[in-house]
Amino acid sequence: MGSATDKEGVVQDIDHRIADIEHDHVRRAALFIIKANLLQHHGMVAIEENIGKALLLIDERTQPELYLYAMVVKSYGMYMYQNQAEQAATLLEKVQQHPALKNDLYVQVQGLSSLLEVYYRLNHFNKISKPLFQLARTLTSKEMAPEYQGFFRELDAELAYHSSLIGDKHQAIAIYKKMITESKLKGQIDNIAIVNCNIANMYFLPLSEKIHYAKASLAAARNLSCSDVMEKLVLLDEIQQGNLSNIARLPQFHSNQQMPRLNERSAYYAGLAYLQLDDLAGAQRMANRMTDPNNWERYDLLQKMYEKQGNYRDAFAASQRFHQLRAEKDANARALMLSSYQTRLEMAQEDTIAAEQAKQAEQLHAAEQKAEARLQLMLTVIAAGVGITLVLTLYLYRSRQLQHKLQQLSDTDPLTGLLNRRAFLRQAEQLKQLAERQQFPLSVALIDLDYFKQINDKYGHQTGDTVLLAFAKAANSTLRQTDLCGRFGGEEFILLTTQQDTTAFAASLQRLQQCFTKLCLHDLQLGFAVSFSAGISTVFEQSAGVHQDIEEAIRQADEQLYFAKANGRQQVCTEGLCLQLVSA
């Protein structure tokens with residue numbers, strides 16, 4: 001808490017304490033690790049020096065919690081300063097598996113935060129959901145002691161960073177501003193500067209907004225590892241405005257900025273400033289400082305520099321590489337957005353199920369208490385054994401009625417195990433809100449089994465139920481985890497998907513038809529093929545300007561379903577297009 005407002009004073013205090021406790025090895029080691037953690041934004045030297053001294057005093061066997069703390073701080077230096085993200089991920093994964101980790105919540109939270117950041121750097125989007133779940137659950141636990149409530153900042157930081165990477169800049173900035181407000185209330189100047197740095201470094205943020213937050217960061221502090229990038233951003237803005245009073249600082253780089261990515265970004269903004277001044281030699285020096293072959297900023301600078309030189313062949317090659325790297329970065333953002341959507345959907349579904357179960361348990365408990373009170377009252381009035389038997393019978397009957405009613409409140413269709421209509425519409429609305437926020441497409445399909453009434457009339461309702469079960473099994477085995485599927489009533493089913501276009505959606509329905517046919521043919525009770533017809537409607541698609549209610553989209557899908565059945569069945573129709581579904 002003290003370091004947040006007076007880091008230099010706390011570091012000096014730590015040095016005094018270390019000198020005063022020469023023979024207390026464990027405490028000295030703890031202080032060295034804390035000092036390394038406090039100075040982690042000041043370069044790799046401070047981390048290595050203090051962690052090295054700590055590890056001479058303790059080992060994993062005698063002090064496992066301190067050892068794990070040291071490994072977490074060490075990993076930060078590995079992926080931030082030494083470009084060793086893979087090795088850092090391996091180290092942090094071992095930390096998460098260590099049995100002693102549960103003994104120290106602070107180390108647990110720090111380790112999860114660092115592991116998330118490494119996964120982001122490595123584009124391991126499929127691994128992000130697990131530590132994010134663990135961090136959220138750890139920090140939202142009701143049993144968490146009051147002194148640990150400040151750790152919620154770690155969760156806010158991860159959620160803000162996550163939002164910035166997937167392009168949800170409004171959500172990211174809102175969380176970051178909340179963190180800035182909290183830091184101001186506590187006088188945490190360095191934190192204010194760092195958070196503004198994080199905002200200014202957001203990929204999807206326009207340059208004008210980056211400059212605004214760079215100025216805010218420098219107004220708070222100028223001696224951090226990201227301060228040099230912020231200064232170069234502000235210098236670029238000054239030069240663009242015609243203010244040349246500080247151009248002597250363009251070639252100067254802070255010695256405490258040792259993070260390779262930030263060094264390259266400083267060179268990028270300085271290079272753009274030199275181009276603004278028509279100083280091609282200065283721009284070339286900055287380009288030479290940028291050695292990462294996968295840094296799109298390097299090729300942006302090169303293409304602008306070559307173009308000014310009249311070297312259009314090299315400018316074209318640099319432009320091609322620039323657009324390739326930008327496309328890859330955008331693709332990574334979309335992949336992370338899908339992973340984020342799936343994670344949030346899983347969390348929402350878990351919360352919905354937990355809330356429903358809690359509600360049912362509360363209703364059942366209240367009903368049992370009420371029934372028990374009534375039973376006790378009647379027992380005091382009725383003394384005859386027959387009367388007692390009658391009351392108990394009524395009590396059991398009412399309990400069974402209550403259990404049956406609670407079962408009906410469940411989200412699941414009792415026959416197929418799919419979502420029922422009520423649950424589907426509720427979850428569809430949640431998914432629509434997420435689609436609008438994250439800007440991914442959303443479409444709905446209404447599906448009707450062909451000639452189902454004739455199947456019921458000819459073979460009986462039991463055979464009809466078997467057909468419905470076969471469709472549910474086919475849906476569960478062919479549809480994606482992110483798709484919502486439910487029984488809408490009778491032989492009608494409904495599907496909500498994030499497929500990008502109609503052709504891809506139709507291909508999914510084609511796979512569903514083939515799997516459905518196979519299950520029906522191989523079922524001993526059936527032995528014949530059953531087909532279905534479907535109508536598709538778009539719920540939300542930003543590029544096409546489509547934005548409508550779930551109910552309206554379902555109505556339009558129902559119209560397309562009517563066209564599919566009128567056109568001969570076993571096909572899927574959307575506006576202006578019908579495609580035949582092949583059974584095998």
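The values are calculated or read from the model by the stated rules, or taken from the named source; none is laboratory data. Everything quoted here is computed from the prediction, not taken from an experiment. For neighbour counting, all protein chains shown are included, and Cβ atoms are generated from backbone atoms with ideal geometry for every residue, glycine included. Quick note on the areas: whole protein, heavy atoms, side chains included, nothing else; ligands and nucleic acids left out. Shrake-Rupley method; radii C 1.70, N 1.55, O 1.52, S 1.80 Å.
One line per residue, one yes/no per condition, for (1) open to solvent by 40 Å² or more (accessible area, probe 1.4 Å); (2) among the hydroxyl-bearing types (Ser, Thr, Tyr); (3) over 29 Å from the mean Cα position of the chain (by Cα):
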| residue | (1), (2), (3) |
| --- | --- |
| 493 | no, no, yes |
| 501 | yes, no, no |
| 540 | no, no, no |
| 543 | yes, yes, no |
| 552 | yes, no, yes |
| 555 | yes, no, yes |
| 579 | yes, no, yes |
| 582 | yes, no, yes |
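What number of residues in the stretch 267-290 are open to solvent by 60 Å² or more (accessible area, probe 1.4 Å) and touching a Lys or Arg at 6+ places or on another chain (Cβ under 8 Å)? Looking only at that region, the number is 1.
For the stretch 85-105, how many residues meet the condition of being under 22 Å from the mean Cα position of the chain (by Cα) and in contact (Cβ under 8 Å) with a residue 24 or more places away in the chain? So the count comes out to 6.
In the stretch 520-536, the residues that are more than 28 Å from residue 562 (Cβ to Cβ) and open to solvent by less than 40 Å² (accessible area, probe 1.4 Å) never reach a residue that is β-branched (Val, Ile, Thr) and outside any strand (DSSP E or B) with C-beta atoms less than 7 angstrom apart, at least six apart or across chains. Could you pull out the residue among 519, 524, 561 that is farther than 18 Å from residue 440 by Cα and at pLDDT below 90? Going through 519, 524, 561 in turn, just one is farther than 18 Å from residue 440 by Cα and at pLDDT below 90: 524.
Which of the helices (runs of 4 or more DSSP H) contained wholly in the stretch 35-116 include at least 1 residues that are touching a Phe, Trp or Tyr at 6+ places or on another chain (Cβ under 6 Å) and either open to solvent by less than 40 Å² (accessible area, probe 1.4 Å) or not charged (D, E, K, R) (or both)?
On the way: elements: 44-55, 64-81, 85-97.
Result: 44-55, 85-97.
Of the residues screened, residue 449 is one that is in contact with a helix residue (DSSP H, G or I) (Cβ under 8 Å, 6 or more places away or on another chain), open to solvent by less than 20 Å² (accessible area, probe 1.4 Å) and either of a type in the set (D, E, K, R) or closer than 16 Å to residue 533 by Cα (or both). Residues in the stretch 310-325 that are open to solvent by less than 90 Å² (accessible area, probe 1.4 Å) and under 20 Å from residue 278 (Cα atoms): 310, 311, 314, 315, 318, 319. Figure legend. Inter-residue proximity from the stretch 37-50: first residues farther than 19 Å from residue 113 by Cα, second residues part of a helix (DSSP H, G or I) and open to solvent by 60 Å² or more (accessible area, probe 1.4 Å), beta-carbon distance below 9 Å, spacing 6+ or different chains. Indicated pairs: 48/74; 50/34. Would you call residue 471 more than 27 Å from the chain's Cα centre (by Cα), closer than 17 Å to residue 558 by Cα and in contact (Cβ under 8 Å) with a residue 12 or more places away in the chain? The answer is no for residue 471. Annotation: of all residues in the stretch 471-491 being open to solvent by 10 Å² or more (accessible area, probe 1.4 Å) and in a helix (DSSP H, G or I), the one that is nearest to residue 529 (Cα to Cα) is 473. Taken over the stretch 18-34, residues that are surrounded by fewer than 16 Cβ atoms within 10 Å (Cβ to Cβ) and of a type outside the set (Asp, Glu) amount to 6. Taking each residue of the stretch 222-243 that is under 16 Å from residue 264 (Cα atoms) and open to solvent by less than 60 Å² (accessible area, probe 1.4 Å) and looking for partners that are among the β-branched types (Val, Ile, Thr) and not in a loop (DSSP other than H, G, I, E, B) with beta-carbon atoms closer than 6 Å, six or more apart or interchain, yields 233/211.
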